[in-house]
1. Among A:Glu72, A:Glu98, A:Glu42, which one shows the highest mean-square fluctuation when chain A is modelled as a Gaussian network with alpha-carbon springs under 10 Å?
2. Taking B:Tyr44 in one copy and the same position in all the others, each labelled 7 Å out along Cα→Cβ, what are the pairwise distances from the first, in nm, shortest first?
3. Enter the mean number of other protein chain beta carbons within 10 Å of the beta carbon of each residue in B:92-105, as an integer.
4. Any idea what diffusion coefficient the stretch B:1-66 gets from Stokes-Einstein, in µm²/s, Kirkwood Rh on alpha carbon pairs, 25 °C, 0.890 mPa s?
5. Relative to the compact-globule scaling 2.2 N^0.38 Å, provide the ratio for the alpha-carbon radius of gyration of chain B.
6. Can you pull out the buried accessible area for chains B and A, both sides counted, probe 1.4 Å, rounded to the nearest 100 Å²?
7. Enter the accessible area of A:Asp34 (Å², nearest 10), with the probe set to 1.4 Å and all protein chains included.
8. Straight-line reach from B:Lys76: which lysines have a Cα under 30 Å away, not including same-chain ones fewer than 8 places off?
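The values are calculated or read from the model by the stated rules, or taken from the named source; none is laboratory data. Predicted, not measured: the structure shown is a model, and the values here were computed from it. Don't worry about glycine lacking a Cβ; one is built from the backbone with ideal geometry, like all the others, and counts go over all protein chains shown. All accessible areas refer to the heavy atoms of the entire protein, side chains included, with ligands and DNA or RNA removed. Shrake-Rupley method; radii C 1.70, N 1.55, O 1.52, S 1.80 Å.
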Number of protein chains: 2
Amino acid sequence: MVVHGFDEEAADRVFHALANATRRDILRRSFETDLSVSQLAEAYDMSFAAVQKHVAVLERAGLVSKENQGRERLVKAEAGKLLWARQALDDLEVTWRERVDQMSDLLAGDSGQ
Amino acid sequence: MVVHGFDEEAADRVFHALANATRRDILRRSFETDLSVSQLAEAYDMSFAAVQKHVAVLERAGLVSKENQGRERLVKAEAGKLLWARQALDDLEVTWRERVDQMSDLLAGDSGQ
DNA sequence: CTATAGTCCAACCGTATGGTTGTACATGGG
DNA sequence: CCCATGTACAACCATACGGTTGGACTATAG
């Protein structure tokens, strides 16, 4: 039995992976087309190894996966993980949203007061 | 004229702020109730200064604001910024979503082919 | 088989991060 | 007025991060 509602370390990895413009761009491109690591690397003004590291961070976060295709590795975006991240964001404000909803109900004027 | 669609550095700050379990917890609590920094600090097994730093990170990201109340500073969650973050997530996969929608349309069988 | 394209990994480097302690300053209570 | 409370900030430390270069391995092309 875990203390928290969901895996906090997974959230750490996911949000950390998203906290970098290069990695977000890699994600965007990966959502458009499956690209090899070297194809991705061509797009940025940094070494191949640096891009490779960024892909590794995204992979550890579960935001992309790599598919072996001959000597190339195709980077595939994982849409589900992004949805999970969105849900994690929403969960941060559930109580707030509940209270806003409650207030709306009150304003709708159903309580006797 | 900016190259990117939105402020990448703001995204860096927001996602980095979210990439830490303590800060996410501070955000959750702040959404429940406005709390002073020392009230927040009581909840964690670390120094007051450490919690203060976490709040500062959240503040720089625009996820919370601080309101002077006598000698205390009340930490208030900024729901709008969280919505902005959610939108930023959605934007990462727009092209993907567009393609999925297109595919749905095709399957719905309206094109003459 | 050999050469090369694609990838991975380790070592290294400067800077940022997350924590600490200590000090300074403002505010409210007795 | 004086003191305790709440906050801010600087200095310091270990570790993580983002980048580099170089070396090793695998698979395809000739």
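1. Its mean-square fluctuation being the largest, the pick is A:Glu98.
2. Listed shortest first, these distances are 2.9 nm.
3. Working: counts 12, 10, 3, 5, 9, 2, 2, 3, 1, 0, 0, 0, 0, 0.
Counting other chains' Cβ atoms within 10 Å and averaging over B:92-105 gives 3.
4. Working: Rh = 12.6 Å.
Stokes-Einstein gives a translational diffusion coefficient of 195 µm²/s.
5. Details: Rg = 19.8 Å, N = 113, 2.2 N^0.38 = 13.3 Å.
Ratio of Rg to 2.2 N^0.38 Å for chain B: 1.49.
6. Values: alone 8090 and 8090 Å², together 13480 Å².
About 2700 Å² of accessible surface is lost on pairing.
7. 60
8. The reachable lysines, counting only those whose Cα sits under 30 Å from B:Lys76, are A:Lys81, B:Lys53, B:Lys66.
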